[in-house]
1. Calculate one ³J(HN,Hα) per residue across region A:24-32 by plugging θ = phi - 60° into the Karplus curve 6.51 cos²θ - 1.76 cosθ + 1.60, and present them in order as whole Hz with x for glycine and proline.
2. Any idea what the dipole of chain A comes to, in debye rounded to 20, about its Cα centre with Lys/Arg Cβ at +1 and Asp/Glu Cβ at -1?
3. Select from B:F517, B:F174, B:T310 the residue farthest towards the positive end of the dipole of the protein assembly as shown; place +1 on Cβ of Lys and Arg, -1 on Cβ of Asp and Glu, and compute about the Cα centre.
4. From other protein chains only, count the Cβ atoms within 10 Å of every residue's Cβ in B:475-485, then give the mean.
5. Between B:Q124 and B:A152, 0.36 nm times their residue separation minus their Cα-Cα distance comes to what?
6. To the nearest whole percent, what portion of all C-alpha pairs in chain B is separated by more than 46 angstrom?
7. Looking at region B:475-557, which chymotrypsin sites (Phe, Trp or Tyr not before Pro) are DSSP coil and have at most 12 other C-beta atoms within 10 Å of their C-beta?
8. Could you report the accessible area of B:K532 in Å², rounded to 10, computed with a 1.4 Å probe on the protein chains as they sit in the structure?
Amino acid sequence: MEQIIQELKEHLIEELNLEEITPEDIDAEAPLFGDGLGLDSIDALEIILILEKNYGVKLSNSAEAKPVFYSVKTLAEYIVNNRK
Amino acid sequence: MGAKDTKIWFGAESMKTSLGSADRTYSAIRNYETGLRYHDRYGMMAGLMENGNAEEGFTLMETMIVAQVTEVLEKSLLSLSDPSVRFIISTTKGNVGLLEGNQDTPPSDAFLYESARKIAAHMQMAHPPVVISNACISGVSALIVARRMILAGECSHVVVTGCDVLNEFITSGFASFKSISADGVRPYDALRNGLNLGEACATVLLTSDINRASEPLIRLEGGAVTNDANHISGPSRTGDGLFYAIRDAISEAGIQPSDIGFVNTHGTATVYNDEMESKAITLAGLENTPLNSVKGYIGHTLGASGVVETLIAIEELRTRTVYGTLGFTELGVPCPVNISSVHRPLQTLRCLKTASGFGGCNAAVVIAAESCEDRYEAGKVAAEAVVTAEYTLDNIPGKSFAEQIREEYHQLGSPNMKFFKMSDLCKAAYVAAENLVISTDLKARYLPTEVAVILSNSSASLDTDMEHQRILQEHLPEGTSPAVFVYTLPSVAAGEICIRHKFQGDNTFFIDKDSVFAETYARLLIEKGYAKAAICGWCDKLGEHRKVNIKILEIKS
């Protein structure tokens with residue numbers, strides 16, 4: 001779990017162009033969207049791609065998926081529970 | 001003839017959609033036929049045109065444009081070599097299909113201005129062509145620019161062509177946005193789940209000479225472009241930007257909302273677009289006015305849509321019919337709008353046509369039949385515009401763009417998490433605007449709706465287009481990147497400036513050889529009262545080449 005959280009932070013920084021941010025700057029339990037990292041709906045689509053590409057986990061962008069997008073930790077939990 | 005007496009008429013037209021020629025398109029719509037089919041090639045439903053043959057030395061798209069422009073000019077007894085005639089092309093992606101297999105250096109025809117210049121030279125035009133690439137409002141933008149050029153006395157006639165063709169570049173990008181409907185568009189419907197793309201090419205003459213106008217007479221009474229300054233891909237959650245465009249178009253026409261007979265909307269059938277439009281329509285006091293979207297017949301034809309759909313709206317005025325919205329069954333937008341799946345008789349022969357697009361842009365025009373009283377009065381504004389600040393960014397030998405822009409960004413001293421997500425073109429525009437807005441204290445001196453952003457360049461968004469093409473050619477199972485695709489529109493650079501500073505005035509992006517036309521147009525906006533200040537100029541970035549020269553133009557105090 002800790003390892004996936006660390007990996008996810010690195011993927012997010014790389015794929016979402018979060019320049020000048022280090023994995024340590026990201027609080028795994030803090031909300032991803034809204035003020036903190038300034039992520040938006042396009043980033044949500046990119047996160048879906050990150051999950052698919054790196055973990056083979058499919059996720060839709062529907063309202064039901066919203067709790068999964070809450071934080072790095074909720075994403076990591078989803079990966080652990082759904083990866084093949 | 002003074003500007004006060006000038007009326008702008010629609011003249012000869014030519015059109016091709018997935019339903020066929022103009023006449024064929026109109027009769028198909030009357031019979032509720034759709035041009036949308038499932039196409040294996042793109043793995044989605046779309047409205048494709050029947051393929052013609054490209055003339056030697058021209059792409060299919062250019063061949064189509066030349067044929068339509070020739071037809072319209074012949075019908076109008078005009079020639080492009082006549083100095084009173086100008087030519088505008090509106091397109092989002094032009095010949096972008098040529099990037100396939102050419103991802104290292106874009107071929108000349110992939111540059112929108114080069115392609116337009118080739119057409120202009122072939123047709124021996126007296127003036128250089130004007131190319132507008134303003135995301136999905138391009139076509140309506142082009143009609144508005146044409147109207148303003150004629151009113152300003154720059155010309156008497158403008159031939160406007162809107163054209164976009166589909167290719168994997170475009171279809172893969174919209175697929176990455178998860179915005180394509182698998183089973184056909186349902187505008188404003190409770191079950192709507194996305195848009196379908198379409199191809200189209202349409203050309204029309206706008207003229208101040210009533211003798212060249214088509215019968216029955218239809219005039220372009222007013223128009224406005226705004227930005228909702230909300231998000232580059234997500235429409236405003238309040239509808240305020242589109243509402244301002246509608247309000248200003250109606251005001252220019254000198255009419256009231258109750259004088260509008262029907263609204264022909266953008267109506268793409270994505271969840272958020274239709275929701276936003278319903279709010280804007282309600283804010284504008286048009287919730288009881290009959291409304292329709294023609295996307296169910298021909299799909300979303302991108303840069304062509306504004307021209308094609310305005311021509312369809314003109315046909316609705318001619319036949320006194322509000323076409324039914326194909327695909328609509330049950331109202332599913334937060335503000336109820338007056339929509340029907342079946343054709344309805346039209347009482348008042350005046351239409352409001354709207355469009356909205358990526359980058360937060362919105363546009364609206366008012367078109368009316370001769371039976372409607374003409375209340376347009378030319379504005380009395382005669383301000384003088386002056387340059388009050390200027391920002392330049394050039395190539396520095398030995399310094400990469402990345403290094404240079406990072407330095408410029410840090411010098412601003414105001415961190416913004418969004419900055420590094422932007423395309424390089426947008427980063428350049430952002431840094432320029434940030435410097436200029438701060439140095440002139442622009443935001444304290446003007447209302448958000450009074451500031452326009454008018455940009456131009458020669459490479460459009462080719463810098464990002466090549467990146468999208470490169471990802472596309474990797475054929476990754478997860479598809480292309482939405483964060484890259486959203487920047488394959490140059491006008492998003494204007495959108496980023498508007499979002500950052502909450503500017504909501506006109507925003508138009510011209511593809512050109514230099515910034516002369518864009519600056520002249522920005523000046524016209526201020527001098528004719530369409531804006532009080534403008535961020536305008538040149539913003540180009542392709543590979544390591546960068547050239548930025550952006551100015552603040554404002555009313556002389």
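1. Each residue of region A:24-32 in turn: 5, 6, 8, 7, 4, 9, 7, x, 6 Hz.
2. 620
3. Farthest towards the positive end: B:T310.
4. Counting other chains' Cβ atoms within 10 Å and averaging over B:475-485 gives 4.
5. 7.7 nm
6. Roughly 6 percent, rounded to a whole number.
7. Sites meeting the loop and neighbour criteria: none at all.
8. Estimated to the nearest 10 Å², B:K532 gives 90 Å².
The values are calculated or read from the model by the stated rules, or taken from the named source; none is laboratory data. Bear in mind the structure is a predicted one, so any value in this text is a computation, not a measurement. All Cβ positions, glycine included, derive from the backbone under ideal geometry; neighbour counts span all protein chains shown. Remember, those area values only see protein heavy atoms, side chains included, never the ligands or the DNA or RNA. Shrake-Rupley method; radii C 1.70, N 1.55, O 1.52, S 1.80 Å.
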